[in-house]
Amino acid sequence: MDIKGDRRTSQWKFRGGEADLQRLRRRLDAWRARCRGPQGRIPEALWRAAVGRARRAGVEPVAEALHLNVGALRRRVATTAAPKPAPPVAPAFVELGRVGAAATCQLEVEAPDGAKLSIQITGPLPDLAGLLVAFRRSRA
């Protein structure tokens, strides 16, 4: 990887997202140009961006590309909680239409614990709500 303005070429190879890393590098360089001196702390927004990139590409290559202290970036990655995946979406309500006398219907339901209920119905629909409630209660 070669970032413009860097005197050396990094030994690290990034898998995609190099444009994002270059934008972050430019933002850090701009901040560094404005805030010289030992009192200047890197803003949290820049640290969060670096931590996010380090989670995807690794701490060492990101620290080298952004000229950050490896230990400081490693600590931030370790102490910052990774984004939690979105909770599973609950199944939507499905209304069953009227089934004629000669129609055949098959219904399969799977409980969170993996138990399955499979029903094949020919003719008028029975009380499916009561049947499903009983199945659910049997799994609790």
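Throughout, read-outs are computed from the coordinates displayed, never taken from laboratory work. All values derive from a computational prediction rather than experimental measurement. With ideal geometry, Cβ positions are generated from the backbone for all residues, glycine too; neighbour counts draw on all protein chains shown.
The peptide list 115-127, 22-34, put in order of mean Cβ contacts within 10 Å with the highest first, becomes 22-34, 115-127.
Based on the Cβ-Cβ distance of ALA129 and ALA86, what FRET efficiency does E = 1/(1 + (r/R0)^6) give at R0 = 41 Å, to the nearest 0.05? The calculated FRET efficiency here is 0.90. Placing a pseudo-label 7 Å from each Cα along the Cα-to-Cβ vector at ARG74 and LEU46 gives an inter-label distance of 2.2 nm. Comparing ALA54, CYS35, ALA65 along the charge dipole axis of the range 18-79, the residue lying farthest to the positive side is CYS35, per the Cβ-charge model. Counting only Cα atoms, the size of the range 18-79 along its three principal axes is 29, 26, 18 Å, in decreasing order.
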